[in-house]
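This report concerns only the one structure given below.
The values are calculated or read from the model by the stated rules, or taken from the named source; none is laboratory data. Because the structure is a prediction, the values reported are computed rather than measured. Heads up, the Cβs are rebuilt from the backbone with ideal geometry, glycines too, and the neighbour counts pull from every protein chain shown.
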């Protein structure tokens, strides 16, 4: 059985339990997008139509985590919530840029940031008027500044391990001081261009570092194959982990937990959470430690297999397999995002979590991945207290 985690607070999420699996969610990025859209809607002065052109990634290639699909979709969904719809014929145009702190600024001690700069213009023939941002001293007020650990790791395509819950570095420190320590450690690893640790037979296992006790494997096979899924070799290309995946390959993510704690696994493909298409998008997977005794008396093997895009907790065919498709035919494209990068990214974050007793409250390419065959996974929802993520792995695949 696999476990999923449900969100009931800032660091609390709900999880699904499969024979080997669990879940959780929330983020500062969503909050910042919500605030930005409120300003955009106000500047639209009652209009309900806008031509949404999406956002352009100005980040340096080595520091880009392929987060564009998520940013575009968050803005699109938030506009819908305000009853604003897209129209190619609208005289209001919404577009923008985003970028992460680059290497030069990191070397100068600038903080890690994901900056989003929306621009709303009004066009009447040859006359173009910029409504947002308002030029001058107040211009920066209309930018979204994101600095949460979860969102920054995804935006940077971050690899590495930073101090986690219970670290001596956090002793006697406030939450703000702990956050600053995390960012400092992330900046050091980004500047060092620290690659993930590849190991196992044929370099098929990926870990955030040599000392990590959490392993990721990507198993794949051809869609037409009747054989088993086989772990793919991972190679370092310019310091970045790359896995070979071809069109019509179906693949799955396998996480092995060698710690003595429950680990939340927050996975995304091409910028979208594996729960993006789910009826319960706030869930995340959780994998208990090996030999953990489940409530039904069974013993957990310490592994989690994410077979594809989550659809629902109940019923048959509650997952759709990860399938590598031609560019423009994948799951991200079906979400309404048409501007795609040439390289896909699989990003995984790990957090420690503690099961919450009943009634307890928390403390505080030319390819892309699309929908493959449906799959039935036995799951159960459980409640967890989840720490801030402390290990991260990003794997790129060519398209």
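Checking 250, 274, 265, 254 one by one, the residue that is in contact with a strand residue (DSSP E or B) (Cβ under 6 Å, 6 or more places away or on another chain) and either more than 13 Å from residue 346 (Cα to Cα) or outside the structural domain of residue 384 (by TED's automatic domain parsing) (or both) is 250 and no other. When 274, 269 are checked against the criterion of being touching a helix residue (DSSP H, G or I) at 6+ places or on another chain (Cβ under 8 Å) and closer than 28 Å to residue 310 by Cβ, a single residue qualifies: 269. If you go through the stretch 184-210 one residue at a time, how many are assigned to a helix (DSSP H, G or I) and within 21 Å of residue 66 (Cβ to Cβ)? Of the residues in that region, 5 qualify. Any residue in the stretch 114-135 that is out of contact with any strand residue (DSSP E or B) (no Cβ under 6 Å at 6 or more places or on another chain), part of a loop (DSSP other than H, G, I, E, B), at pLDDT below 90 and surrounded by 13 or more Cβ atoms within 10 Å (Cβ to Cβ)? Scanning the stretch 114-135 turns up at least one residue that is out of contact with any strand residue (DSSP E or B) (no Cβ under 6 Å at 6 or more places or on another chain), part of a loop (DSSP other than H, G, I, E, B), at pLDDT below 90 and surrounded by 13 or more Cβ atoms within 10 Å (Cβ to Cβ).
Checking the condition assigned to a loop (DSSP other than H, G, I, E, B) and at pLDDT 85 or above, which residue from 312, 339, 364, 351 passes? Don't jump to the end; show me each part of the working.
Numbers: 339 fails: at pLDDT 85 or above; 364 fails: at pLDDT 85 or above; 351 fails: assigned to a loop (DSSP other than H, G, I, E, B).
On inspection, the qualifying residue turns out to be 312.
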